[in-house]
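No value in this document is a laboratory result; all are computed from the given coordinates. Model, not experiment: these values are computed from the prediction. FYI the Cβ positions are ideal-geometry reconstructions off the backbone, even for glycines, and counts take in every protein chain you see.
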Amino acid sequence: MMIASSIDELQVARRLLDGTVGLVPTMGYLHEGHLSLIRLAKSECDRVAISIFVNPTQFGANEDLSKYPRDLERDLKLIDPLGVDLVWNPTPEVMYPPGYQTWVEVESLTRPLEGSMRPGHFKGVTTVVAKLFNAVQPHRAYFGQKDAQQAAVIRQMVRDLNFPIELVVCPTLREADGLAMSSRNKYLEGADRQSATVLFRALSAAKSAYENGERDAEKLRALMKEVLASEPKANPQYVSCADYDTLEELDTVKGKSLLSMAVLIGKTRLIDNFVLG
Ligand code: PAF
């Protein structure tokens, strides 16, 4: 397994990767969800690269950049058995050297949902992902469905900027009680961990109503809010039933749709979603 930090090291290592290359971009503190992306990449590509970079430009001023969990040694041990060919672990100075001034921004898709709560977040995401794509030049790139809006925004960027890359979006991995796997679950302490299952319970309630024929999007949103309200530690930031492609809120559910939410459990902000149709 090659490990690169600088752009020069990355370029030397990249030239040694023959055949199709799959990239799994991550911010580290890997969990089973990341490992499942790596395993899928390994099964579909000749070579697999992963990036581990806590990207400062996608964190707002009052967000958890300094607290975001980091443990490279732990990450390397976890991926060791998976046959990863290249790990790119740049520093913030490598990605954003002094004088840096170029940004990639997707417009309307980034405004609702996460975009409405985290101004500037997606500008940071698309900029860093474009830089990762340019540097690694993968044939395929693997992302998790848990960050549904991120996947939609990156899909749009790939289309608009003609990146010759196939995006693969993989299902969310869950703990036994339904909690979606996330590096931020590490922050859930004591009773908060149990309370955090309310996102899964709210989404499941709306999904079964949909499966029983409910197509009124406002009723599905109301049902999710009702379940969230039953959990005293849950403070919802948004609850959405939107078109899967445009992310616009729906009146009536038709075709592929996205149930999604962001909820504070104590101080920990969690997101989750289910796809309908
Ligand atoms: O999903 C993430 O971990 C990050 O947003 C990504 C795609 C690695 C960009 O920093």
Please report the antiparallel percentage of the DSSP beta bridges confined to the chain, to the nearest 5. 50
Which GluC sites (Glu not before Pro) in the range 78-183 pass both tests, a DSSP loop state and at most 14 other beta-carbon atoms within 10 Å? Glu105, Glu107
Glu44 to Lys186: extension gain in nm, 0.36 nm per residue of separation minus the Cα-Cα distance? 48.1 nm
Residues in the range 31-57, backbone N under 16 Å from the label point at Lys77 (7 Å along the Cα-to-beta-carbon vector): list them, ranges by number please. 31-32
Within a 10 angstrom radius of the beta carbon, how do Trp88, Trp103 rank from fewest other beta carbons to most? Trp103, Trp88
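Arrange the following residues from fewest to most other Cβ atoms within 10 Å of their Cβ: Thr20, Thr252. Please list the in-between numbers first.
Values: Thr20 15, Thr252 10.
Listing Thr20, Thr252 from fewest to most nearby Cβ atoms yields Thr252, Thr20.
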MRE, 222 nm, helices only [DSSP H, n ≥ 4, -39500 (n - 2.57), over the chain, to nearest 500]: -10500 deg cm²/dmol
HN-Hα J couplings of the range 141-151 from phi, Karplus 6.51/-1.76/1.60, θ = phi - 60°, integer Hz, Gly and Pro as x? 10, 10, 10, x, 5, 4, 8, 4, 5, 4, 4
Rounded, prolate or oblate: which one fits the range 46-195, using the alpha carbon gyration tensor with axes a ≥ b ≥ c (rounded when a/c is under 1.5, else prolate when a/b beats b/c, else oblate)? rounded
Give me Met1, Met95 ranked fewest to most by other Cβ atoms within 10 Å of their Cβ, as a rough exposure proxy. Met1, Met95
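How much length, in nm to one decimal, is gained on full extension between Arg15 and Thr91, taken as 0.36 nm per residue of separation minus their Cα-Cα distance?
On the way: separation 76, 0.36 × 76 = 27.36 nm, distance 2.11 nm.
Between Arg15 and Thr91, full extension yields 25.3 nm more.
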For the peptides 124-134, 240-250, what is the packing order when you average, over each peptide's residues, the other Cβ atoms within 10 Å and list the highest mean first? 124-134, 240-250
Relative to the chain, whose Cα atoms define the longest principal axis, helix 121-136 and its Cα axis are tilted in degrees, nearest 10, by 30
Name the residue from Leu132, Asn162, Phe274 whose Cα lies farthest towards the positive end of the charge dipole of the chain, charges +1 on Cβ of Lys and Arg and -1 on Cβ of Asp and Glu. Phe274
Convert each backbone phi in the range 85-101 into a coupling constant with the Karplus relation 6.51 cos²θ - 1.76 cosθ + 1.60 (shift: θ = phi - 60°), then list the ³J(HN,Hα) values in order as whole Hz, x for Gly and Pro. 8, 9, 10, 10, 10, x, 8, x, 5, 5, 7, 10, x, x, x, 4, 8
Run the quick spin-label model on Glu226 and Met2: label points 7 Å from Cα toward the beta carbon, then report their separation in nm to one decimal. 5.7
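Count the net charge of all other residues whose Cβ sits under 15 Å from the Cβ of Asp71, scoring Lys and Arg as +1 and Asp and Glu as -1. Intermediate results must be reported in sequence, preceding the final value.
Values: positive: Lys67, Arg70, Arg74, Lys77, Arg184, Lys186; negative: Glu73, Asp75, Asp80.
That sum, taken over residues with Cβ under 15 Å, equals +3.
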So the angle from the long Cα axis of helix 32-44 to the longest Cα principal axis of the chain, reported in degrees to the nearest 10, equals 60
Vicinal HN-Hα couplings computed from phi for the range 220-227 (Karplus, 6.51 cos²θ - 1.76 cosθ + 1.60; Hz; Gly/Pro x): 5, 4, 5, 5, 5, 5, 5, 5
Cut-off under 5 Å, modelled amide H: who pairs with Met181 long-range: Leu173, Arg174, Glu175
